[in-house]
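Worksheet: one structure, shown below.
Any read-out appearing in this document is the output of simple, stated calculations on the displayed coordinates, not a laboratory observation. These numbers come from a predicted model, not from an experiment. Note: ideal-geometry Cβ built from the backbone for every residue, glycine included; neighbour counts use all protein chains shown.
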Amino acid sequence: MHVLIPLLDRVNVASHDDGCRFLDTTRLDAIEVALREAGSRWTLHASGPLFRLYSRTGSSLVHHPVLISSHADSNYESHFHRAVDGSAELIGTFDNSITNASVLRLMLEDILPDGGVVAFTGDEENASQGAADVIAHLRGEDHLPRAVIVLDITDDRFYGQPFTIENWYANGSLGLPTDSQAFHRHVLHAFTVPVASVPHDDAWADESWRYEKEGVHVVSLCIPTLPANPRSRNDWMHSVEGVRVRADHLLAYGEALSSLIIHLAATNA
């Protein structure tokens, strides 16, 4: 059994909002219960109608943390996941429970480095108001993020690779390059292997587009997916038939996230 299956059993469940507040918090509550039952050092730092923000207990928030943002709203009416027989793949309704489970594993195992905070947000599928709300909260606490790492799935162009870098934007400074191309090069230095990159004018929209409007550095770290049914080409990432992911690459995705946090926080202002 893949290490994420028990977590998917908990978080690949309903989660809906109306663009102003969560109407169904089943997934958010499951995340909270999993952390509490495990006695995790990661505890709720703040919450709003469209976000829940976690930080490590006993560690004061750095002035400009790196924010990990994993949207928890779901367009699916029902949810499922299973291993694909004879394959190193999982199939399921994974937009975006697969990154919810991935970052939850890192929180439960206390792998995430210092300098990071984690937000589970809503309204990503529409206006990404949850992203705006969490930035407003952190700005009000004088903890504007030095950078945001958006977690999401992506299409099949790079299926077979553990992750892609997409939708990078440079805003302000806080010790990071102020030019978009220079910021992209800086991000790539976090990894020891070549990484597929998709700029915002060729990538799927995600929360990064809203974080860019909120004036912070942002980059998306995405899991490549494949249609569960090759004939389902219309909005297949939200298809009731689900999508495929490479289960054997999910641990590498988590390692990439940890490396990127360390790299972006290295010269924290």
Using label points projected 7 Å from each Cα along Cα→Cβ, tell me how many nm separate Val193 and Glu241, to one decimal.
2.9 nm
Among the GluC sites (Glu not before Pro) within the range 1-105, which fall in a DSSP loop and have no more than 16 other Cβ atoms within 10 Å of their own Cβ?
Glu77
Counting only DSSP beta bridges with both partners in the range 5-265, the antiparallel fraction in percent, to the nearest 5, comes to 55 percent
Considering Cα pairs under 8 angstrom that are at least six residues apart, work out the relative contact order of the chain and quote it in whole percent.
23 percent
Stretchable slack from Asn126 to Ala88, in nm (0.36 nm times residue separation minus alpha-carbon distance)
10.4 nm
Using the Karplus curve 6.51 cos²θ - 1.76 cosθ + 1.60 with θ = phi - 60°, work out ³J(HN,Hα) for each residue of the range 79-85 in order, rounded to whole Hz, and write x for Gly and Pro.
10, 7, 6, 6, 6, 8, 4
For the range 163-269, run through the trypsin sites (Lys or Arg not before Pro) and keep only the ones in DSSP coil with at most 10 other Cβ atoms within 10 Å of their Cβ.
Arg231, Arg233
From the P(r) of the range 172-269, can you give the percent of Cα pairs sitting at distances over 18 Å?
58 percent
Provide the net charge surrounding Leu104, with neighbours chosen by a C-beta distance below 15 Å and charges set as Lys +1, Arg +1, Asp -1, Glu -1.
+1
From zero outward in steps of 10 Å, how is the percent of C-alpha pairs of the chain spread across the bins?
7, 33, 40, 18, 2, 0
Sticking with the crude label model, points 7 Å out along Cα→Cβ, report the distance from Trp204 to Ser78 in nm, one decimal please.
2.2 nm
Under the helix-only model (-39500 (n - 2.57) for each DSSP H run of 4 or more, divided by the residues of the chain), the mean residue ellipticity at 222 nm, to 500 deg cm²/dmol, is -8500 deg cm²/dmol
Cut-off under 5 Å, modelled amide H: who pairs with Trp168 long-range:
His200, Ser220
How big is the antiparallel share of DSSP beta bridges in the range 143-251, given as a percent to the nearest 5?
40 percent
Would you mind counting up the charge near Arg139? Only other residues with Cβ under 12 Å from its Cβ, with Lys and Arg at +1 and Asp and Glu at -1.
-4
Spin-label model distance (nm) - Asp114 vs Leu23, 7 Å beyond Cα toward Cβ
4.4 nm
Applying 1/(1 + (r/R0)^6) with R0 = 35 Å to the Cβ-Cβ distance of Asn229 and Asp142, what FRET efficiency is obtained, to the nearest 0.05?
0.10
What does the charge add up to near Val62, with Lys and Arg as +1, Asp and Glu as -1, over the other residues with Cβ less than 9 Å from its Cβ?
0
Please report the antiparallel percentage of the DSSP beta bridges confined to the range 1-136, to the nearest 5.
70 percent
For the range 1-147, shape from the Cα gyration tensor axes a ≥ b ≥ c, cut at a/c of 1.5 then a/b versus b/c, turns out oblate
